[in-house]
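Notes follow the structure.
The values are calculated or read from the model by the stated rules, or taken from the named source; none is laboratory data. These figures come from a predicted structure and were not determined experimentally. When we count neighbours, we look across all protein chains shown, and the Cβ atoms used for this are built from the backbone with ideal geometry, even at glycine. In case anyone asks, the SASA skips ligands and DNA or RNA and just uses the protein heavy atoms, side chains included. Shrake-Rupley method; radii C 1.70, N 1.55, O 1.52, S 1.80 Å.
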Amino acid sequence: MRYVYPAILRLEGDKRYFVFFPDLQRGATQGDTLADAISMAEDSLCLALYDMEESGDIIPAPSKPRELEIKNEDMVTLVSVDTEDYRRYYDNKLVKKTLNIPSWLNKRAEEANINFSQTLQTALKHALRIAQ
């Protein structure tokens, strides 16, 4: 699922940026540069939302950036993440499934050297409308 949340960046001292998401109780992070802080914010937000999805937690709607109350030196930016991409990359362990198909179909598929696992994955992605 794709999400876009506002993040508040606060310069701490001379160099370090502290980043937090006002709509979430988790996901705060920091970086030594602005680019580093935003990169860390993407990772942190994605992991927080992924954990919330996996736990069945209610994911709050994002605030409108202009409605956030910020201090004078704070900056607001939007951070976009895709938890499906995260899942594909990090949650990719194989799970054994048992299934039944007609004997004649099994024989034909074996004769054609069909990879059953790959075929099932492709079919499931197609049925779920997940991009290959």
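Scan region 102-113 and give yes if some residue there is farther than 24 Å from F18 by Cβ, in a helix (DSSP H, G or I) and among the acidic types (D, E), otherwise no. Even if it seems obvious, please write down each step before you answer.
Applying the first criterion (farther than 24 Å from F18 by Cβ) to region 102-113 yields 102-113.
Restricting the remaining residues to those that are in a helix (DSSP H, G or I) gives 103-111.
Then keep just the ones that are among the acidic types (D, E); that gives 110-111.
Yes, region 102-113 has at least one match.
Can you name the residue in region 111-129 that is among the charged types (D, E, K, R) and open to solvent by 80 Å² or more (accessible area, probe 1.4 Å) and, of all such residues, is modelled with the lowest pLDDT? Steps first, answer last, please.
So in region 111-129, the residues among the charged types (D, E, K, R) come out as 111, 125, 129.
Add one more test, that the residue is open to solvent by 80 Å² or more (accessible area, probe 1.4 Å), and what stays is 111, 129.
On the way: E111: 95, R129: 88.
Checked region 111-129; the qualifying residue modelled with the lowest pLDDT is R129.
If I go through region 53-84 residue by residue, how many of them are part of a loop (DSSP other than H, G, I, E, B), open to solvent by less than 70 Å² (accessible area, probe 1.4 Å) and touching a residue at least 60 places away in the same chain (Cβ under 8 Å)? Break it down stepwise before answering.
Filtering region 53-84 for residues part of a loop (DSSP other than H, G, I, E, B) gives 56-64, 68-74.
If we keep only those that are open to solvent by less than 70 Å² (accessible area, probe 1.4 Å) as well, we get 56-57, 59-60, 62-63, 68, 74.
Filter once more, keeping what is touching a residue at least 60 places away in the same chain (Cβ under 8 Å): 68, 74.
Residues meeting the conditions: 2.
List pairs: first residue in region 115-132 and assigned to a helix (DSSP H, G or I), second residue at pLDDT below 90 anywhere in the structure, Cβ distance under 7 angstrom, at least six positions apart or on different chains.
Short answer, once both residue conditions are applied: K125/Q132.
Suppose we filter R87, R108 for residues that are open to solvent by 100 Å² or more (accessible area, probe 1.4 Å) and among the basic types (K, R); which single one remains?
Details: R87 fails: open to solvent by 100 Å² or more (accessible area, probe 1.4 Å).
Within the list R87, R108, the selection yields R108.
Taking the residues in region 1-47 that are among the hydroxyl-bearing types (S, T, Y) and not in a helix (DSSP H, G or I) as candidates, determine which candidate is surrounded by the fewest Cβ atoms within 10 Å (Cβ to Cβ). Give the derivation first.
In the first step, residues of region 1-47 are kept if they are among the hydroxyl-bearing types (S, T, Y); the result is 3, 5, 17, 29, 33, 39, 44.
With not in a helix (DSSP H, G or I) added as a condition, the list becomes 3, 5, 17, 29, 33.
Values: Y3: 16, Y5: 24, Y17: 22, T29: 22, T33: 11.
Applying the filter and picking the extreme gives T33.
Can S55 be described as within 13 Å of V79 (Cα to Cα) and polar (S, T, N, Q)? Talk me through it step by step, then tell me what you get.
Numbers: within 13 Å of V79 (Cα to Cα): no; polar (S, T, N, Q): yes.
Criteria not met by S55.
Would you confirm, using the coordinates I've provided, whether Y50 is among the hydroxyl-bearing types (S, T, Y), crowded, with 17+ Cβ neighbours inside 10 Å, in contact with a Ser or Thr (Cβ under 8 Å, 6 or more places away or on another chain) and part of a strand (DSSP E or B)? Let's see the steps before the verdict.
Values: among the hydroxyl-bearing types (S, T, Y): yes; crowded, with 17+ Cβ neighbours inside 10 Å: yes; in contact with a Ser or Thr (Cβ under 8 Å, 6 or more places away or on another chain): yes; part of a strand (DSSP E or B): no.
Here the answer is no, as Y50 does not meet what is asked.
Go through region 90-105 and give me each residue that's open to solvent by 100 Å² or more (accessible area, probe 1.4 Å) and under 30 Å from C46 (Cα atoms).
Within region 90-105, Y90, N92, K93, L94, V95, K96, K97 meet the criteria.
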